[in-house]
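The values are calculated or read from the model by the stated rules, or taken from the named source; none is laboratory data. What you see is a predicted model, and the numbers here were worked out from it, not measured in a lab. We place every Cβ from the backbone using ideal geometry, glycine too, and count neighbours over all the protein chains shown. Surface accessibility is based on the protein's heavy atoms, side chains included, excluding ligands, DNA and RNA. Shrake-Rupley method; radii C 1.70, N 1.55, O 1.52, S 1.80 Å.
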Amino acid sequence: MMNSRMTSSTQKNWYVVTGGPSTGKTTVIDLLQKQGYITTIEHARHYIDTMRNEGHSVEEIRNNKRKFQLGVLDMQMEQEASIKTKDIVFLDRAIPDALAYYQFLKLDYDEKLIKAINESSYKKIFILDRLPFTKDYARTENKEDQKIIHQLIIDVYKDLGFPIVFVPVLPPLERVKYILDNV
(Lines give C-alpha, C1' and ligand atoms only; values in the text may rest on other atoms or scores of the structure.)
Protein backbone atom coordinates (compact mmCIF):
# COMPACT_ATOMS: atom_id res chain seq x y z
CA MET A 1 0.00 0.00 0.00
CA MET A 2 2.43 2.70 1.15
CA ASN A 3 5.98 3.00 -0.12
CA SER A 4 8.81 3.31 2.31
CA ARG A 5 10.18 6.84 2.46
CA MET A 6 10.43 8.57 -0.85
CA THR A 7 13.98 9.62 -1.56
CA SER A 8 13.67 13.35 -1.92
CA SER A 9 16.29 15.32 -3.79
CA THR A 10 15.46 18.26 -1.55
CA GLN A 11 15.94 17.64 2.17
CA LYS A 12 13.31 19.55 4.11
CA ASN A 13 14.06 21.14 7.47
CA TRP A 14 10.58 20.41 8.77
CA TYR A 15 9.89 18.97 12.21
CA VAL A 16 6.50 17.56 13.12
CA VAL A 17 5.07 18.00 16.63
CA THR A 18 2.33 15.42 17.03
CA GLY A 19 0.51 12.99 19.30
CA GLY A 20 -3.06 12.09 20.10
CA PRO A 21 -5.69 14.61 21.21
CA SER A 22 -4.81 16.55 24.34
CA THR A 23 -1.03 16.01 24.33
CA GLY A 24 -0.05 19.70 24.42
CA LYS A 25 0.88 20.12 20.75
CA THR A 26 -0.60 23.58 20.32
CA THR A 27 0.96 24.83 23.57
CA VAL A 28 4.40 23.64 22.43
CA ILE A 29 3.92 25.08 18.92
CA ASP A 30 2.84 28.44 20.38
CA LEU A 31 5.95 28.53 22.61
CA LEU A 32 8.21 27.66 19.66
CA GLN A 33 6.62 30.50 17.68
CA LYS A 34 7.18 32.93 20.58
CA GLN A 35 10.87 31.93 20.47
CA GLY A 36 11.02 33.02 16.83
CA TYR A 37 10.57 29.70 15.00
CA ILE A 38 8.32 29.29 11.99
CA THR A 39 5.32 27.15 12.96
CA THR A 40 2.05 25.95 11.44
CA ILE A 41 -1.47 25.61 12.79
CA GLU A 42 -3.48 22.46 13.45
CA HIS A 43 -5.88 22.09 10.55
CA ALA A 44 -8.62 20.00 12.17
CA ARG A 45 -9.43 22.83 14.58
CA HIS A 46 -9.03 25.44 11.81
CA TYR A 47 -11.41 23.49 9.55
CA ILE A 48 -13.98 23.23 12.36
CA ASP A 49 -13.68 26.96 13.10
CA THR A 50 -14.04 27.82 9.39
CA MET A 51 -17.14 25.64 9.01
CA ARG A 52 -18.65 26.99 12.26
CA ASN A 53 -18.23 30.51 10.87
CA GLU A 54 -20.29 29.34 7.87
CA GLY A 55 -23.11 28.31 10.24
CA HIS A 56 -22.41 24.58 10.71
CA SER A 57 -22.44 22.91 14.14
CA VAL A 58 -19.43 20.90 15.36
CA GLU A 59 -21.64 17.80 15.45
CA GLU A 60 -22.73 18.34 11.83
CA ILE A 61 -19.12 18.92 10.74
CA ARG A 62 -17.73 15.86 12.53
CA ASN A 63 -20.60 13.54 11.50
CA ASN A 64 -19.51 13.54 7.85
CA LYS A 65 -16.21 11.84 8.68
CA ARG A 66 -14.88 11.51 5.11
CA LYS A 67 -15.69 15.12 4.19
CA PHE A 68 -14.09 16.31 7.43
CA GLN A 69 -10.91 14.27 6.88
CA LEU A 70 -10.61 15.40 3.24
CA GLY A 71 -11.17 19.03 4.24
CA VAL A 72 -8.41 18.81 6.86
CA LEU A 73 -6.11 16.96 4.42
CA ASP A 74 -6.64 19.61 1.74
CA MET A 75 -5.73 22.37 4.22
CA GLN A 76 -2.63 20.46 5.40
CA MET A 77 -1.47 19.77 1.82
CA GLU A 78 -1.98 23.40 0.81
CA GLN A 79 -0.05 24.63 3.84
CA GLU A 80 2.85 22.20 3.37
CA ALA A 81 3.06 23.13 -0.34
CA SER A 82 3.51 26.78 0.67
CA ILE A 83 6.44 26.20 3.07
CA LYS A 84 9.98 26.73 1.79
CA THR A 85 11.97 23.50 2.02
CA LYS A 86 15.06 25.23 3.41
CA ASP A 87 13.20 26.90 6.29
CA ILE A 88 13.29 25.30 9.73
CA VAL A 89 9.60 24.79 10.46
CA PHE A 90 7.72 23.11 13.30
CA LEU A 91 4.40 21.67 12.09
CA ASP A 92 1.41 21.18 14.41
CA ARG A 93 0.60 17.73 12.94
CA ALA A 94 1.42 16.74 9.36
CA ILE A 95 -0.05 14.82 6.45
CA PRO A 96 0.66 11.33 7.92
CA ASP A 97 -1.52 12.16 10.94
CA ALA A 98 -4.47 11.90 8.53
CA LEU A 99 -3.62 8.24 7.96
CA ALA A 100 -3.97 7.54 11.69
CA TYR A 101 -7.35 9.26 11.76
CA TYR A 102 -8.54 7.34 8.67
CA GLN A 103 -7.59 4.14 10.50
CA PHE A 104 -9.31 5.26 13.70
CA LEU A 105 -12.50 6.16 11.81
CA LYS A 106 -12.30 2.98 9.68
CA LEU A 107 -12.35 4.99 6.44
CA ASP A 108 -10.95 3.63 3.18
CA TYR A 109 -7.86 5.49 2.05
CA ASP A 110 -8.39 8.07 -0.68
CA GLU A 111 -5.97 8.19 -3.61
CA LYS A 112 -5.23 11.80 -2.62
CA LEU A 113 -4.18 10.66 0.88
CA ILE A 114 -1.92 7.87 -0.40
CA LYS A 115 -0.22 10.19 -2.92
CA ALA A 116 0.27 12.90 -0.25
CA ILE A 117 1.72 10.37 2.23
CA ASN A 118 4.13 8.98 -0.37
CA GLU A 119 5.34 12.50 -1.21
CA SER A 120 5.67 13.67 2.40
CA SER A 121 9.10 14.35 3.84
CA TYR A 122 10.05 15.50 7.34
CA LYS A 123 13.38 15.72 9.12
CA LYS A 124 12.15 14.40 12.46
CA ILE A 125 8.89 13.60 14.24
CA PHE A 126 8.40 14.71 17.86
CA ILE A 127 5.63 12.67 19.47
CA LEU A 128 4.42 14.25 22.70
CA ASP A 129 3.51 11.84 25.50
CA ARG A 130 -0.13 11.99 26.53
CA LEU A 131 -1.38 14.47 29.10
CA PRO A 132 -4.62 14.08 31.08
CA PHE A 133 -7.46 14.24 28.55
CA THR A 134 -9.39 17.51 28.38
CA LYS A 135 -12.59 17.98 26.42
CA ASP A 136 -13.25 21.15 24.43
CA TYR A 137 -15.66 22.40 21.78
CA ALA A 138 -13.75 20.85 18.86
CA ARG A 139 -13.03 17.41 20.32
CA THR A 140 -15.44 14.53 19.88
CA GLU A 141 -12.98 11.96 21.23
CA ASN A 142 -12.90 10.61 24.77
CA LYS A 143 -10.02 9.37 26.95
CA GLU A 144 -10.05 5.88 25.39
CA ASP A 145 -10.10 7.36 21.86
CA GLN A 146 -7.12 9.53 22.86
CA LYS A 147 -5.07 6.41 23.70
CA ILE A 148 -6.04 4.64 20.48
CA ILE A 149 -5.35 7.65 18.23
CA HIS A 150 -2.05 8.31 19.99
CA GLN A 151 -0.89 4.74 19.32
CA LEU A 152 -2.08 4.89 15.70
CA ILE A 153 -0.04 8.07 15.18
CA ILE A 154 3.06 6.36 16.61
CA ASP A 155 2.48 3.31 14.39
CA VAL A 156 1.95 5.40 11.24
CA TYR A 157 5.18 7.37 11.63
CA LYS A 158 7.13 4.21 12.56
CA ASP A 159 5.71 2.33 9.56
CA LEU A 160 6.61 5.22 7.26
CA GLY A 161 10.20 5.13 8.53
CA PHE A 162 10.49 8.67 9.87
CA PRO A 163 12.97 9.32 12.69
CA ILE A 164 10.94 9.70 15.89
CA VAL A 165 11.74 11.38 19.21
CA PHE A 166 9.34 10.77 22.08
CA VAL A 167 8.86 13.89 24.20
CA PRO A 168 8.06 13.09 27.85
CA VAL A 169 5.52 14.89 29.99
CA LEU A 170 7.34 17.96 31.26
CA PRO A 171 6.35 21.57 31.94
CA PRO A 172 5.72 23.26 28.55
CA LEU A 173 8.97 25.25 28.36
CA GLU A 174 10.97 22.14 29.28
CA ARG A 175 9.21 20.24 26.49
CA VAL A 176 10.26 22.96 24.06
CA LYS A 177 13.86 22.76 25.32
CA TYR A 178 13.76 18.96 24.98
CA ILE A 179 12.62 19.31 21.36
CA LEU A 180 15.22 21.97 20.52
CA ASP A 181 17.95 19.84 22.15
CA ASN A 182 16.94 16.98 19.83
CA VAL A 183 16.66 18.91 16.54
Item to check | Among the candidates Phe133, Phe68, Phe90, residue that is closer than 21 Å to Ile164 by Cα and in contact with a helix residue (DSSP H, G or I) (Cβ under 7 Å, 6 or more places away or on another chain) | outcome: Phe90
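Would you check if there is a residue in region 106-122 being touching a Ser or Thr at 6+ places or on another chain (Cβ under 6 Å) and open to solvent by less than 50 Å² (accessible area, probe 1.4 Å)? Give the steps one after another, and end with the answer.
First, pick out the residues of region 106-122 that are touching a Ser or Thr at 6+ places or on another chain (Cβ under 6 Å): 121.
Within this subset, residues satisfying the condition of being open to solvent by less than 50 Å² (accessible area, probe 1.4 Å) are 121.
Yes, because at least one residue in region 106-122 is touching a Ser or Thr at 6+ places or on another chain (Cβ under 6 Å) and open to solvent by less than 50 Å² (accessible area, probe 1.4 Å).
Quick check on my filter: what residues within region 28-45 are in contact (Cβ under 8 Å) with a residue 60 or more places away in the chain, open to solvent by 30 Å² or more (accessible area, probe 1.4 Å) and more than 21 Å from Tyr101 (Cα to Cα)?
Within region 28-45, the subset in contact (Cβ under 8 Å) with a residue 60 or more places away in the chain is 28-29, 31-32, 35, 44-45.
Now restrict to residues that are open to solvent by 30 Å² or more (accessible area, probe 1.4 Å): 31, 35, 45.
Listed by number, the residues that qualify are Leu31, Gln35.
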Next on the checklist: Of the conditions (1) assigned to a loop (DSSP other than H, G, I, E, B); (2) surrounded by fewer than 17 Cβ atoms within 10 Å (Cβ to Cβ); (3) hydrophobic (A, V, I, L, M, F, W, C); (4) out of contact with any Gly (no Cβ under 9 Å at 6 or more places or on another chain), Phe162 satisfies every one except a single condition; which number is it?
Outcome noted: (2)
Checklist outcome for this item: The number of residues in region 166-183 that are touching a Lys or Arg at 6+ places or on another chain (Cβ under 8 Å) and not in a loop (DSSP other than H, G, I, E, B) is 1
Checklist entry - Looking at this structure, is Gln103 in a helix (DSSP H, G or I) and within 22 Å of Met51 (Cα to Cα)? => result no
Next on the checklist: Checking the structure you have, find out if any residue of region 55-64 is modelled with pLDDT of 75 or more, open to solvent by less than 40 Å² (accessible area, probe 1.4 Å) and polar (S, T, N, Q).
Outcome noted: no
Next on the checklist: Residue under question is Ala98, and the condition is that it be open to solvent by 80 Å² or more (accessible area, probe 1.4 Å), under 19 Å from Ile41 (Cβ atoms) and among the small types (Gly, Ala, Ser); does it hold?
Outcome noted: no
Checklist entry - If the Cβ limit is 7 Å and pairs must be 6+ apart or interchain, which residue in region 136-149 that is modelled with pLDDT under 60 pairs with which residue that is surrounded by 14 or more Cβ atoms within 10 Å (Cβ to Cβ)? => result Tyr137/Val58; Ala138/Arg45; Ala138/Ile48; Ala138/Val58; Arg139/Pro21
Next on the checklist: Going residue by residue through region 133-156, is there one that turns out to be within 20 Å of Thr27 (Cα to Cα), of a type in the set (A, V, I, L, M) and open to solvent by 30 Å² or more (accessible area, probe 1.4 Å)?
Outcome noted: no
Checklist entry - Does His46 count as modelled with pLDDT under 90 and not in a loop (DSSP other than H, G, I, E, B)? => result yes
Checklist entry - Is it the case that region 33-41 has a residue that's modelled with pLDDT of 90 or more, over 21 Å from Leu160 (Cα atoms) and part of a helix (DSSP H, G or I)? => result yes
